[in-house]
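What follows is calculated from the coordinates using simple rules that are stated; it is not laboratory data. Owing to the predicted nature of the structure, the values given are computational and were not obtained by experimental measurement. A quick note on method: Cβ atoms are made from the backbone with ideal geometry, for glycine too, and the neighbour counts reach across all protein chains shown.
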Amino acid sequence: MVETVKSTQPIGSMDDSLVIQWAPISLDAVYAQVDDPANGSVVLMVGTVRNNTAGRPVLFLEYEAYETMALSVFREIAQTTRRQWPSINQVIIHHRVGKLTIGEVSVAVAIGSAHRAEGFAACQYAIDTLKHNAPIWKKEHGQDGSSDWVSIGACDETH
């Protein structure tokens, strides 16, 4: 089984990294990919597995993805980000699949940019759009033995 699927199509910059992976996400590795002297700002958003959903205790999550389509969504996010905020130097999106326990990193989005305002806006756009558009699902396993599939796209806003 392949543990990491990377985007291989050009997306405007060879500095971008778009990954769906079974292995744990290394925040040091993600940061290293946006550590660039051209950046005046690095914005890093890290999603982790929490121990409850709406007050219901959660033991662990399982993530599944339609990887080819999800990576296509990631590429579109990177392309749109670069069009909307030209000062962006790197777009990094890494998402886990498989079983994740409480506290593990499920997603990391990092934006390297010349200016912080663009970096913050681009990072929020990237994670919000990912959650709405990428075909990634999670199954929550409750402490009471129950389990439910939840689309991570079940958000209040639309993109």
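How would VAL19, VAL150 line up from fewest to most surrounding beta-carbon atoms within 10 angstrom? Intermediate results must be reported in sequence, preceding the final value.
Details: VAL19 22, VAL150 12.
Placing the least packed residue first, the sequence is VAL150, VAL19.
Given a Förster radius of 41 Å and the C-beta distance between ALA38 and TYR66 as r, what FRET efficiency does 1/(1 + (r/R0)^6) yield to the nearest 0.05? The partial results should precede the final answer.
Values: r = 34 Å, r/R0 = 0.84.
With a Förster radius of 41 Å, E is 0.75.
Net charge near THR101: determine it from the other residues with C-beta under 12 Å of the C-beta of THR101, scoring Lys and Arg +1 and Asp and Glu -1. Don't skip to the end; give the middle numbers.
On the way: positive: ARG50, ARG96, LYS99; negative: GLU62, GLU104.
Once all neighbours under 12 Å are counted, the net charge is +1.
Just to check, using Stokes-Einstein with a Kirkwood Rh over alpha carbon pairs, what's the diffusion coefficient of the chain at 25 °C and 0.890 mPa s in µm²/s?
Values: Rh = 16.0 Å.
Stokes-Einstein gives a translational diffusion coefficient of 154 µm²/s.
Nearest 0.05, what FRET efficiency do SER146 and GLN79 give at R0 = 35 Å with Cβ-Cβ as r?
On the way: r = 40 Å, r/R0 = 1.13.
With a Förster radius of 35 Å, E is 0.30.
For LEU59, which sequence-distant residues (separation of 5 or more, or a different chain) have an amide H within less than 5 Å of its own amide H, given hydrogens modelled in the peptide plane?
Answer set, sorted by chain and number: HIS141, GLY142, GLN143.
Compute the length gained on full extension between ASP15 and ASN52: take 0.36 nm times their separation in residues and subtract their Cα-Cα distance, giving the result in nm to one decimal. Intermediate values should be presented prior to the final figure.
On the way: separation 37, 0.36 × 37 = 13.32 nm, distance 3.58 nm.
Taking 0.36 nm per residue and subtracting the Cα distance, the gain is 9.7 nm.
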